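Remarks on the structure that follows.
The values are calculated or read from the model by the stated rules, or taken from the named source; none is laboratory data. Nothing here was measured: the structure is a model prediction, and the numbers come from that model. Every residue, glycine as well, gets a Cβ built from its backbone with ideal geometry; the counts of neighbours run over all protein chains shown.
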Amino acid sequence: MSKKVYLQTFGCQMNVYDSERLTSLLLLEGHKITNNPKDADVIVLNTCSVREKAEKRALGRLSEFYRYKQKNPQVMLVVIGCMAQRMGEELVKQMPYLNLVLGPDQIFQLPIYLENNKGYSQVAVCPSREDFDSHKIWEQEILPERKTPYTSFIAISRGCDNFCSYCVVPYVRGPERHRPTDQIIREIQFLTESGCKEVTLIGQNVNSYKFKGKDFADLLEMANDQTTIDWIRFMTSHPKDLPGKLIDKIATLPKICKHIHLPLQAGSDKILEKMNRNYTAGDYLKLVERMKERIGDVSLSTDVIAGFPTETKEDFKKTLDIMKKVKFDSAFMFRYSIRVGTKAASLIDDVPEEEKLERLHVLIKLQKEISKKKNQKLLGKTFQVLVDDKSKRDKNRWKGKTKTNKTVIIEGDRNLLGKIVSVKINGADSFTLFGNLGGVNFDEKICRLQL
């Protein structure tokens, strides 16, 4: 029986991709998607466990959704994703009105559970890392139902084997499993033929990709040479898995965007060791130097944690020093929060909350200053920009991104949506570039060359 499904997603790009694939599967099974939870027969929340705040937001949203079930007991409430895997039965104990709790590897079985609704709470998660399936997760080749037809995520792996001491991902997404290379290439081309201009290859650590003798550098070369996609992005990278071969491919392959997200997390060797990051601050700086030498116009973004257990003021100063040396284009910065089940949870959380927040404020202030200075150096320059939407603040202007992942707001009357256009930058702040159409549309130039 066809149902109206409302699906809300919290968390990372992998969750977004999973939700888009699940939406496609539900539509194929005859269900309908609604953008309003009050109209839904089934309310699904795809959840994140990376930080405590993400879980609190999800739990709060579930409490809000409960009112729809109180009005109509036939409404099904479903929790999927990482928080579902981490909490399992405990989630049902806290919220006995939930109908389904499905871990990341069980998400795509949702249509089956909807068809065979038992009328009571069901929990389907992987009992241990060994129970995550290595093959079935890739069996269904489902194109994601994208919010924008011009960009798309593509998962090339699932899970993680790094076991950073603060991170819950290896426990909630299981061991690293790599997708068949030919399937990835096929999906890129299918998406291209449906109008997609840019794909982002995603995984917890894309650099460690390996399948039947092919590594991530090989995969990038195949995607560049064997598909007709315009641009190829990727994330996230781990500093310990970025060899010279991969740097060379990023530098020389024309379709690969010159942006690398390279989490630093901390600038103190003592803290990096406690985090189990498997590199030193010196290793990180040498890697950045090699990338900047080889990929001249590379854009770098990063992740940083403030207030990890035992972090002193001197440790924190070392993080600030690296940020000043590297001059990241942007950064995602967070205060440390305990994740139950991780190795870091056994450490004494000895940095006071007020100190964590103060350090986070200092990080954000510094990065805003660096980003603004870097962006203002781009004034007067012209970049190719893929236009993917209207500006949220001004619907008379367009929004897009450069190949170096800079957000650009563009003045323009004609319809630019889905086009790669040449934009001359005439304004900049810490987060955004502003510009006017600065020349021949990239797509039009290609067409003329073909003629």
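For this structure, a couple of remarks:
- Among the residues of segment 146-175, those identified as more than 13 Å from the chain's Cα centre (by Cα), among the aromatic types (Phe, Trp, Tyr) and crowded, with 19+ Cβ neighbours inside 10 Å are TYR150, TYR166, TYR171.
Condition check ((1) outside any helix (DSSP H, G or I); (2) over 23 Å from SER208 (Cβ atoms)) across all residues:
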position	(1), (2)
GLY267	yes, yes
ASN278	yes, no
TYR284	no, no
VAL288	no, no
GLU293	no, yes
SER301	yes, no
THR310	yes, yes
LYS317	no, yes
ASP321	no, yes
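- Residue within segment 311-321 that is within 29 Å of ARG86 (Cβ to Cβ) and either small (Gly, Ala, Ser) or in contact with a His (Cβ under 9 Å, 6 or more places away or on another chain) (or both) present: no
- When residues in segment 302-354 are screened for being surrounded by 20 or more Cβ atoms within 10 Å (Cβ to Cβ), of a type in the set (Gly, Ala, Ser) and out of contact with any Phe, Trp or Tyr (no Cβ under 9 Å at 6 or more places or on another chain), 1 of them pass.
- Residue match in segment 412-421 (condition: touching a Lys or Arg at 6+ places or on another chain (Cβ under 9 Å) and free of Cβ contacts under 8 Å to residues at least 40 places away in the same chain): yes
- For segment 266-293, a tally of residues being closer than 24 Å to THR407 by Cα and either in contact (Cβ under 8 Å) with a residue 12 or more places away in the chain or in contact with a Phe, Trp or Tyr (Cβ under 9 Å, 6 or more places away or on another chain) (or both) returns 2.
- Given (1) buried (at least 21 other Cβ atoms within 10 Å of the Cβ); (2) out of contact with any strand residue (DSSP E or B) (no Cβ under 6 Å at 6 or more places or on another chain), index of the condition LYS240 fails: (1)
- Of all residues in segment 50-64, none are touching an Asp or Glu at 6+ places or on another chain (Cβ under 7 Å), farther than 17 Å from ALA155 by Cβ, crowded, with 17+ Cβ neighbours inside 10 Å and at pLDDT below 95.
- Note on segment 230-255: residues that are in a loop (DSSP other than H, G, I, E, B) and closer than 18 Å to GLY203 by Cβ amount to 5.
- Listing of helices (runs of 4 or more DSSP H) fully contained in segment 19-99 that carry 3 or more residues being within 26 Å of the chain's Cα centre (by Cα): 52-71, 82-87
- Scanning segment 377-396 for residues that are over 24 Å from VAL199 (Cα atoms) and either at pLDDT below 95 or buried (at least 17 other Cβ atoms within 10 Å of the Cβ) (or both) gives LEU378, ARG393, ASP394, LYS395, ASN396.
- Out of ALA266, ALA223, one residue alone is closer than 17 Å to LEU386 by Cβ and small (Gly, Ala, Ser). It is ALA223.
- Of residues in segment 212-235 being closer than 13 Å to PRO254 by Cβ and among the charged types (D, E, K, R), the one surrounded by the most Cβ atoms within 10 Å (Cβ to Cβ): ASP230
- Search result, residues across segment 279-317 that are more than 28 Å from THR252 (Cα to Cα) and not β-branched (Val, Ile, Thr): ALA306, GLY307, PHE308, PRO309, GLU311, LYS313, GLU314, ASP315, PHE316, LYS317
- Residue check, PRO127 part of a loop (DSSP other than H, G, I, E, B) and without any contact (Cβ under 8 Å) to a residue 24 or more places away in the chain: yes
- Residue within segment 71-80 that is modelled with pLDDT of 95 or more, under 17 Å from VAL125 (Cα atoms) and touching a Cys at 6+ places or on another chain (Cβ under 8 Å) present: no
- The listed residue being surrounded by 15 or more Cβ atoms within 10 Å (Cβ to Cβ) and touching a helix residue (DSSP H, G or I) at 6+ places or on another chain (Cβ under 8 Å), out of LYS368, LYS399, LYS374, LYS406: LYS406
- Residue match in segment 128-144 (condition: within 30 Å of ARG186 (Cβ to Cβ), at pLDDT 90 or above and of a type outside the set (S, T, N, Q)): no
- Scan of segment 201-210 for residues that are crowded, with 19+ Cβ neighbours inside 10 Å and out of contact with any Gly (no Cβ under 9 Å at 6 or more places or on another chain), ordered by number: LEU201, ILE202, ASN205, VAL206, ASN207, SER208
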